[in-house]
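These notes are about the structure you will find just below.
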Amino acid sequence: MRPLWCILQIQRSLKCPLASVSWLLRRTCRTHSSSPSTTCPDPQGQSSVRAQKDFSARLATGPDFQHFLRSASAPQQKPSSPEVEDPAPYLTADELLGRQRKVYLETYGCQMNVNDTEIAWSILQKSGYLRTSNLQEADVILLVTCSIREKAEQTIWNRLHQLKALKTKRPRSRIPLRIGILGCMAERLKGEILDREKMVDLLAGPDAYRDLPRLLAVVESGQQAANVLLSLDETYADIMPVQTSPSATSAFVSIMRGCDNMCSYCIVPFTRGRERSRPVVSILEEVRKLSEQGLKEVTLLGQNVNSFRDNSEVQFNNAVSTKLSRGFTSNYKTKQGGLRFSHLLDQVSRIDPEMRIRFTSPHPKDFPDEVLQLIHERHNICKQIHLPAQSGSSRVLDAMRRGYSREAYVELVHHIRESIPGVSLSSDFIAGFCGETEEDHLQTVSLLREVKYNMGFLFAYSMRQKTRAYHRLKDDVPEEVKLRRLEELITVFREEASKANKISVGRTQLVLVEGFSKRSSTDLCGRNDGNLKVIFSDAEMGDATCPGLQVRAQPGDYVLVKITSASSQTLRGHALCRTTLKHSSAPC
Ligand code: 5AD
Ligand code: SF4
């Protein structure tokens, strides 16, 4: 077999050291494509071979190397819909259409990936693809992947091996099954995946989802296709994600992408590229639409939400510098101008008084007083802040390049608690980072005891190639020590969270109902303002806004619940009455 063509595309963007090498690949015809001319008996297969020959002929007279260099350096155009994007000269408009092919999407990792799945699906849907939740009937399987820790990648490799069997067993009477890797793993491993897992047909990095119809059209002809180009400005601002669950009460709205912080352990800046914010107007438009659809909660989403800075409107590009939290520094030059997170939060919270607003994930350095003030003042901004500490040892924080000491972090916690009484705090921690001693570990234990977080996400350190820690530090904490320390952190976190959550017992809390509890169909489940799960019996109750009315709570209703018991992760109680977000302080 002979490679049709292979192009290495080097992005010549001096401004973007992260996105230094990116490429589009068309590879050797794969096993499927080598045989169908002789073995595939069905008419569809023959027409597919004809189409393939035709396609190969057009490729031969297709674009040259300069074409790809041009498109790499040209600023990204934002077409209003993907199907009107300037078609690649070697593809017809018809080939870019999905032709009712069924796509099965599987998501791994963080909430950003869930949102990316909805964006990818929105793009494919407009191109004529159908979605299926049945793996067996899929024509295309796309995995939206995560690279944050080794274990996350291992899960995806295991899944790929299962899918390989599905692909091999596929009857010849059906069109060949295509498998694609989207997101962080595609970006991190690039060609390695195509080489290692020959059954993978398609790679699309986190900034390449607009290119999916073209990549799939190339794949359709039996070639492998990849686009792992990182962008300086892609925010998918014009793409309305398709909500996966139409009955949902909450939605995530992506407000920014990428990260400039370069914490020494983190792969994210390398897989998701430079930090860029979506224009405020398009965010407000999406939130308005979600409010019109009746959604009751929106979480503003990004790798670094509170570093938000929309500089798309020239008049706001003044010389005002970013205000950092007291005692905090950033790893990059202070940014100036643009519309900041406090402005966005203010605008979003004004759209619908019945809509709860949350945001994740922030960095502790970007909590100026105006953001804290706003959270305190607005009844619909949840009094819940995720404040990822990562470690309780100043020495380790320095090695992690987090830009703060333990003392500065603790001072910020106090300041937040004074500014927002009753605020609920959560955090991320990494156990066993490079050089972490037993003493450093105990410092983290003591931070957990001191802050008493309501929620926590704890991980064992997993060394990632490309990061600063990989190049400069030694992953010297043995695996069993990492795991033991992680267990200790989890135990202490649970003890403290149980204590913190027990304070709620006897109090009345406002709960947004999500649906029936997974464990019992006689219980309802929802979330309080602090985002903690609350379970209560599904019984008739009064309505605070309509005296005399007896109702049963439905998903999307706000219910006042009296808390009767608490664990480290859940509260239990009984419902007092249905109410609204605005009326929630009124007595039942
Ligand atoms: N190893 C372990 N945990 C990590 N995180 C990020 N990178 C790593 C890594 N290499 C954790 C951090 C971050 C969360 C999303 O994942 O705690 O806040
Ligand atoms: Fe990773 Fe640090 Fe950016 Fe979070 S802030 S995504 S931990 S580099």
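How many percent of all Cα-Cα pairs in segment 223-334 sit more than 16 Å apart?
Numbers: 4201 of 6216 pairs.
Summing the P(r) of segment 223-334 above 16 Å gives 68 percent of all pairs.
Could you list the residues of segment 161-182 with an amide nitrogen less than 13 Å from a label point located 7 Å from the Cα of Arg196 in the Cα-to-C-beta direction?
161
Add +1 for every Lys or Arg and -1 for every Asp or Glu among the other residues with Cβ under 12 Å from the Cβ of Ser520, and state the total. Before the final figure, lay out each step's value.
On the way: positive: Lys518, Arg519, Arg572; negative: Asp523, Asp538.
Around Ser520, the surrounding residues sum to +1.
Extending each Cα 7 Å along its Cβ direction at Ser521 and Glu479, get the distance between those two points in nm, one decimal.
Using points 7 Å along Cα→Cβ, the separation is 4.4 nm.
I need the fraction of alpha carbon pairs in segment 416-559 separated by more than 19 Å, rounded to a whole percent. Walk me through the numbers on the way to the answer.
Details: 6676 of 10296 pairs.
Tail of the P(r) past 19 Å holds 65 percent of the pairs.
Strictly greater than 16 Å: what percent of every Cα pair in segment 498-552 meets that? Walk me through the numbers on the way to the answer.
Values: 769 of 1485 pairs.
Cα-Cα pairs in segment 498-552 separated by more than 16 Å: 52 percent.
How far is the Cα center of segment 146-224 from the Cα center of segment 324-370, in Å?
Using only Cα atoms, the two centres lie 36 Å from each other.
Counting each pair of different Cα atoms once, what's the Kirkwood radius of segment 341-411 in Å, rounded to one decimal?
Details: mean 1/r = 0.0738 Å⁻¹.
The answer is 13.6 Å.
One-quarter of the Cα convex hull surface for segment 537-588, in nm²?
Numbers: hull surface 15.8 nm².
Result: 4.0 nm².
Between Leu549 and Gln162, what length comes free when the chain is fully extended (0.36 nm per residue of separation minus the Cα-Cα distance, one decimal in nm)?
Working: separation 387, 0.36 × 387 = 139.32 nm, distance 5.40 nm.
Result: 133.9 nm gained on full extension.
By counting other Cβ atoms within 10 Å of each Cβ, how are Cys184, Cys263 ranked from fewest to most? Before the final figure, lay out the partial values.
Details: Cys184 29, Cys263 22.
Final ranking by Cβ density, sparse to dense: Cys263, Cys184.
What ranking do Ser427, Ser584 get, fewest neighbouring Cβ atoms within 10 angstrom at the top?
On the way: Ser427 24, Ser584 17.
In increasing order of surrounding Cβ atoms, one gets Ser584, Ser427.
Assuming a viscosity of 1.002 mPa s and a temperature of 20 °C, what translational diffusion coefficient in µm² per second does Stokes-Einstein assign to segment 97-255, Rh being the Kirkwood radius over Cα pairs?
Working: Rh = 15.8 Å.
The diffusion coefficient I find is 135 µm²/s.
Could you name the aspartates and glutamates whose alpha carbon sits less than 16 Å from that of Lys482, not counting residues in the same chain fewer than 8 places away?
Filter leaves Glu150, Asp428, Glu436, Glu438, Glu439, Asp440.
Quick one: Ser424, Ser521, fewest Cβ neighbours within 10 Å first, how do they rank?
Working: Ser424 21, Ser521 9.
By the 10 Å Cβ count, ascending, the order reads Ser521, Ser424.
Take the Cα atoms of segment 307-452, build their convex hull, and give its volume per residue in Å³. Mind showing how you got there, number by number?
Details: hull volume 16.4 nm³, N = 146.
It comes to 112 Å³ per residue, whole-number rounded.
Provide the net charge surrounding Ile563, with neighbours chosen by a C-beta distance below 9 Å and charges set as Lys +1, Arg +1, Asp -1, Glu -1.
Taking every Cβ under 9 Å from that of Ile563, the sum is +3.
In straight Cα distance, which aspartates and glutamates are under 18 Å from Lys164, not counting same-chain residues fewer than 8 positions off?
Glu106, Glu137, Asp139, Glu153, Glu192, Asp195, Glu197, Asp201, Glu220
No lab work stands behind these numbers, since they all come straight from the coordinates. Remember, predicted model here, so these are calculated numbers, not experimental data. Backbone-built Cβ (ideal geometry, glycine too); neighbour counts: all protein chains shown.
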